1. Are there any pairs with C-beta distances below 6 angstrom linking a residue in region 15-27 that is touching a residue at least 40 places away in the same chain (Cβ under 8 Å) to a residue that is open to solvent by 20 Å² or more (accessible area, probe 1.4 Å), with the two at least 6 apart or on different chains, and if so which?
2. Which pairs have Cβ atoms under 7 Å, sit 6 or more apart or on different chains, and link a residue in region 50-66 that is under 17 Å from PHE97 (Cα atoms) to one that is open to solvent by 40 Å² or more (accessible area, probe 1.4 Å) and aromatic (Phe, Trp, Tyr)?
3. Would you confirm whether or not region 135-150 contains a residue that is open to solvent by 60 Å² or more (accessible area, probe 1.4 Å), under 30 Å from ASP42 (Cβ atoms), of a type in the set (D, E, K, R) and modelled with pLDDT of 80 or more?
4. Restricting the search to region 70-91, which residues are touching a Lys or Arg at 6+ places or on another chain (Cβ under 8 Å), touching a residue at least 24 places away in the same chain (Cβ under 8 Å) and outside any strand (DSSP E or B)?
5. With the condition kept exactly as written, say whether any residue in region 109-116 is at pLDDT 80 or above and farther than 30 Å from VAL49 by Cα.
6. Report yes if CYS15 is open to solvent by less than 20 Å² (accessible area, probe 1.4 Å), modelled with pLDDT under 80 and farther than 21 Å from ILE99 by Cα, otherwise no.
7. Counting only residues that are of a type in the set (A, V, I, L, M, F, W, C) and open to solvent by 60 Å² or more (accessible area, probe 1.4 Å), which one in region 2-12 is modelled with the lowest pLDDT?
8. Can you pull out the residues in region 88-98 that are more than 27 Å from the chain's Cα centre (by Cα) and over 22 Å from GLY65 (Cβ atoms)?
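The values are calculated or read from the model by the stated rules, or taken from the named source; none is laboratory data. This one's a predicted model, so the numbers in the text were calculated from it and none came from an experiment. Note: ideal-geometry Cβ built from the backbone for every residue, glycine included; neighbour counts use all protein chains shown. The protein model used for the area step is the full one, side chains on, heavy atoms only, and it has no ligands, DNA or RNA in it. Shrake-Rupley method; radii C 1.70, N 1.55, O 1.52, S 1.80 Å.
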Amino acid sequence: MAYQFNFCNGHPQKCQNTPAAYESLEVLGITTDSCEMIGKPDDQSIKSVENGIEITYGSGSVCEGNNKRSVTYKVQCSAQPDQNFKLDYQDKCQSVFSIKSPAGCKQEQSKLWLVASLGVSSIVIIIGIVLIVTKMKKQKEEAKPLDEALNQEEAPIVVS
């Protein structure tokens, strides 16, 4: 048996003209057109587990008891990646594959990133305050001549 699946955009692998994870018969290294869907990417769930992630595709072909097939991919955290997935378990309705890969490792945000973010934010805030204070001073300077003109006492104009 040959298994085809794709976690990337577009899901180009198709079975019965539907994007899916599927199994097909392989004869002398050539995959036949006969296939059975073991899961569809539009019925996907992803969950974090202790040492990696699990991606499950549901809504596959009908199997025993009028149920739908599903497939689970276990991606386990490892600095040394496996070359291919291994089939861990399979019955008439479920398949489970596993692989060791850095892709299964949690991504820790470094303290350096946090310090850099706070530093940049602080600089932006300081620049904003300086610009506001400068603008207010400029507006105050422009308003002085008008205030002085209004405060000057002029002789009343008499019209006869």
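1. ALA20/LYS40; ALA21/PHE5; GLU23/MET1; GLU23/TYR3; GLU23/GLU36
2. Listed pairs, sorted by first residue: ILE55/PHE7.
3. The initial filter retains those residues of region 135-150 that are open to solvent by 60 Å² or more (accessible area, probe 1.4 Å), namely 135-142, 144-148, 150.
Within this subset, residues satisfying the condition of being under 30 Å from ASP42 (Cβ atoms) are none.
The answer is no; no qualifying residue exists.
4. SER78
5. no
6. Spelling it out, CYS15 is indeed open to solvent by less than 20 Å² (accessible area, probe 1.4 Å), modelled with pLDDT under 80 and farther than 21 Å from ILE99 by Cα.
7. Quick first cut of region 2-12, residues of a type in the set (A, V, I, L, M, F, W, C) only: 2, 5, 7-8.
Restricting the remaining residues to those that are open to solvent by 60 Å² or more (accessible area, probe 1.4 Å) gives 7-8.
On the way: PHE7: 59, CYS8: 56.
Looking at residues that are of a type in the set (A, V, I, L, M, F, W, C) and open to solvent by 60 Å² or more (accessible area, probe 1.4 Å), I get CYS8.
8. Scanning region 88-98 gives a single hit, ASP88.
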